[in-house]
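*Asks:* Starting off with a structure, shown below.
All of the numbers you see were taken from the coordinates with simple rules; none came from a lab. Note that the structure is a prediction, hence the values are computed from the model and not measured. Cβ placement follows ideal geometry from the backbone for every residue including glycine, while neighbour counts extend to all protein chains displayed.
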Amino acid sequence: MEGHNLMKHQLLLGAILFSLSGSLLAAESLCQQKEQDIQREIDMAKQHDNQRRVTGLERALTEVRAGCTDEKLKSAHSERIADQKHKIAERERELKEERQDGDKDKIEKRERKLEEAQHELKKLEAEPY
């Protein structure tokens, strides 16, 4: 019985620590997250000897450090999501028109484009910025 209580306490402690780590991550600003993401990409580009990518990413990192605010990131992210939703609506309209024309190959092409746009939206919505 004592081992059972010890296991309960360990699980409870693990859950508490896990929730605290999530709170700490949430406390980190979006700009800090973006800087860290860019730095990770720089490190990866250096590992692959991709100097052009390193140069571009270092420029992006400088810009983020100079003018980034969480509000700007949130606004830009919301705008990209809205643009993607507009693109999906356009793809749906094109697919509807193609279905009226009845060309099977073109319908399949439009369906693929719509699926790609929907996938891109889901990806955008999952990103923090």
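*Asks:* So what is the orientation-averaged projected area of the stretch 53-129, using the convex hull of its C-alpha atoms, in nm²? Write down the numbers at each step before the final one.
*Replies:* Working: hull surface 25.9 nm².
About 6.5 nm², averaged over all directions.
*Asks:* Sticking with this one: Multiply the residue gap between Gln33 and Ala89 by 0.36 nm, knock off their C-alpha separation, and tell me the result in nm, one decimal place. Could you put the intermediate results ahead of the total?
*Replies:* On the way: separation 56, 0.36 × 56 = 20.16 nm, distance 3.13 nm.
Length gained, Gln33 through Ala89: 17.0 nm.
*Asks:* Turning to a different aspect of this structure: May I ask you to compute the full-extension gain from His48 to His77, defined as 0.36 nm times their residue separation minus their alpha-carbon distance, rounded to one decimal in nm? Can you show the working numbers first?
*Replies:* Working: separation 29, 0.36 × 29 = 10.44 nm, distance 2.90 nm.
Residue separation times 0.36 nm, minus the Cα-Cα distance, leaves 7.5 nm.
*Asks:* What is the local net charge at Arg40, summed over the other residues whose Cβ is closer than 15 Å to its Cβ (Lys, Arg +1; Asp, Glu -1)?
*Replies:* Working: positive: Lys34, Lys46, Arg53; negative: Glu28, Glu35, Asp37, Glu41, Asp43, Glu58, Glu127.
Summing Lys and Arg as +1 and Asp and Glu as -1 gives -4.
*Asks:* Excluding residues on the same chain fewer than 8 positions from Lys46, give the aspartates and glutamates whose Cα lies under 18 Å from its Cα.
*Replies:* Glu35, Asp37, Glu58
*Asks:* Under a cut-off of 24 Å between alpha-carbon atoms, report the lysines in cross-link reach of Lys122, not counting same-chain residues fewer than 8 places apart.
*Replies:* The reachable lysines, counting only those whose Cα sits under 24 Å from Lys122, are Lys34, Lys72, Lys74, Lys85, Lys87, Lys96, Lys109, Lys113.
*Asks:* What does the extension gain come out to for Lys113 and Ala60, with contour length at 0.36 nm per residue minus their alpha carbon separation?
*Replies:* Value of the extension gain: 16.1 nm.
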